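Right, one structure below, let's go through it.
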Amino acid sequence: MAVTKLWSVTERLGQVIDYATNPEKTSVNIKREFSPEQYQALADVIAYAKDEEKTEREFYVEGINCNVAIARDQFITVKEQYQKTDGIQAYHGYLSFKETDISPEMAQKIGMEFANEVWGKRFQVVVTTHLNTKHLHCHFVVNSISFVDGKHLWGEEKAWFKFRKVADRICEKYGLYYDPNPNRSKQSEYLTMKEKAGMPTRYSVAKEAIDYAIDHSKTLKEFQFALKEMGYAYNLSPSRKYWTVIPKGYDKPIRLKNLGADYTNDRIVERIKENT
């Protein structure tokens with residue numbers, strides 16, 4: 001089974017996760033209508049996705065409708081062509097595989113197939129497979145503006161429930177495990193119906209965010225940092241019986257243990273340690 005997520009990049013990305021930042025070294029002439037902050041936002045997110053240590057000298061880095069070596073400049077050219085240089089600069093997403101026996105070649109193949117189906121007809125995409133954690137995962141950097149018509153990424157092109165369906169179908173095609181009924185100790189009938197319909201809930205979205213944060217962390221501090229970067233508030237105090245998170249835009253906390261057996265306090269710590 002694969003999990004997916006996509007979020008926007010506006011100004012300088014900073015550090016998506018503190019251990020992963022690797023800014024490009026090339027210098028370029030910044031055009032007046034494109035601010036240094038906006039330009040650097042693309043530099044940071046593309047550099048993160050292409051991080052050489054994670055991709056074995058960029059062996060698993062490919063571009064769709066762009067050349068990865070100059071992807072940032074090509075993204076910007078499209079924005080300037082349609083005079084849409086403000087606001088969201090790109091979208092940064094990931095596809096994480098639960099299987100430990102999937103090969104990097106297969107992970108990249110699935111990532112490319114996924115990106116081509118979801119964005120390939122209208123957008124430029126950098127696709128890379130990272131090998132530095134227990135579970136392989138693909139990263140996607142998608143230009144926010146279409147090279148075809150100058151329109152923004154919109155609707156199903158950034159819809160979580162569509163990503164889940166596409167990823168599950170492709171994984172099933174290649175014989176990868178898919179559990180249509182993920183374990184969770186408590187949930188309302190309403191939430192169950194929404195998930196069966198392929199619609200996101202705050203529980204399902206939080207679960208994917210927790211998985212992403214765990215897969216990209218080697219310490220509890222890094223785990224907390226990753227959650228914060230995704231807009232989550234949290235209470236992970238060692239003295240707290242049940243750890244909680246609060247998704248952005250919500251007031252009520254989610255007890256992580258209610259997401260399933262892999263999300264208890266002890267199990268989260270164990271999963272993070274497995275990355276070292």
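The values are calculated or read from the model by the stated rules, or taken from the named source; none is laboratory data. Just so we're clear, the structure is a prediction, and the values are computed from it rather than from any experiment. So basically every Cβ, Gly included, is an ideal-geometry build from the backbone, and we count neighbours across all protein chains shown.
Could you grab me the full set of residues in the stretch 85-132 that are among the charged types (D, E, K, R), farther than 18 Å from Lys162 by Cα and in a helix (DSSP H, G or I)?
Result: Glu105, Lys109.
List the residue pairs whose Cβ atoms are under 6 Å apart, where the first residue sits in the stretch 196-216 and is of a type in the set (Asp, Glu), the second is modelled with pLDDT under 85, and the two are 6 or more positions apart or on different chains.
Partner pairs satisfying both residue conditions: Glu208/Val3; Glu208/Lys5; Asp211/Val3; Asp215/Ser96; Asp215/Thr133; Asp215/His135.
How many residues, within the stretch 217-231, are over 20 Å from Gly260 (Cβ atoms) and either without any contact (Cβ under 8 Å) to a residue 40 or more places away in the chain or in contact with a Ser or Thr (Cβ under 7 Å, 6 or more places away or on another chain) (or both)?
The initial filter retains those residues of the stretch 217-231 that are over 20 Å from Gly260 (Cβ atoms), namely 218-219, 221-222, 224-225, 228-229, 231.
Narrowing further to those that are either without any contact (Cβ under 8 Å) to a residue 40 or more places away in the chain or in contact with a Ser or Thr (Cβ under 7 Å, 6 or more places away or on another chain) (or both): 218, 221, 224, 228, 231.
Qualifying residue count for the region: 5.
Filter the stretch 93-112 down to the residues that are free of Cβ contacts under 8 Å to residues at least 60 places away in the same chain and of a type in the set (S, T, N, Q), then identify the one that is surrounded by the most Cβ atoms within 10 Å (Cβ to Cβ).
It comes out as Gln108.
So how many residues does the stretch 146-180 have that are outside any helix (DSSP H, G or I), within 14 Å of Ser96 (Cα to Cα) and at pLDDT 85 or above?
Looking only at that region, the number is 0.
Could you list all residues from the stretch 210-231 that are hydroxyl-bearing (Ser, Thr, Tyr) and surrounded by 20 or more Cβ atoms within 10 Å (Cβ to Cβ)?
Hits for the stretch 210-231 are Tyr212, Ser217.
Between Thr128, Thr100, which is under 15 Å from the mean Cα position of the chain (by Cα) and modelled with pLDDT under 95?
Thr128
Residue check, Lys79 against (1) of a type outside the set (S, T, N, Q); (2) part of a helix (DSSP H, G or I); (3) closer than 19 Å to His216 by Cα, all met but one. Which one?
Among (1) of a type outside the set (S, T, N, Q); (2) part of a helix (DSSP H, G or I); (3) closer than 19 Å to His216 by Cα, the lone unmet condition for Lys79 is (3).
Name the one entry in Ala115, Ala90, Ala71 that is free of Cβ contacts under 8 Å to residues at least 60 places away in the same chain and outside the structural domain of Val205 (by TED's automatic domain parsing).
When all the criteria are applied, what remains is Ala115.
Checking the condition at pLDDT 80 or above, surrounded by 14 or more Cβ atoms within 10 Å (Cβ to Cβ) and of a type outside the set (Val, Ile, Thr), which residue from Ala43, Ala90 passes?
Ala90
Looking only at helices (runs of 4 or more DSSP H) that fall completely inside the stretch 186-276, which ones have 3 or more residues that are modelled with pLDDT of 90 or more?
Working: elements: 189-196, 202-215, 220-229, 265-273.
Fully inside the stretch 186-276 and qualifying: 220-229, 265-273.
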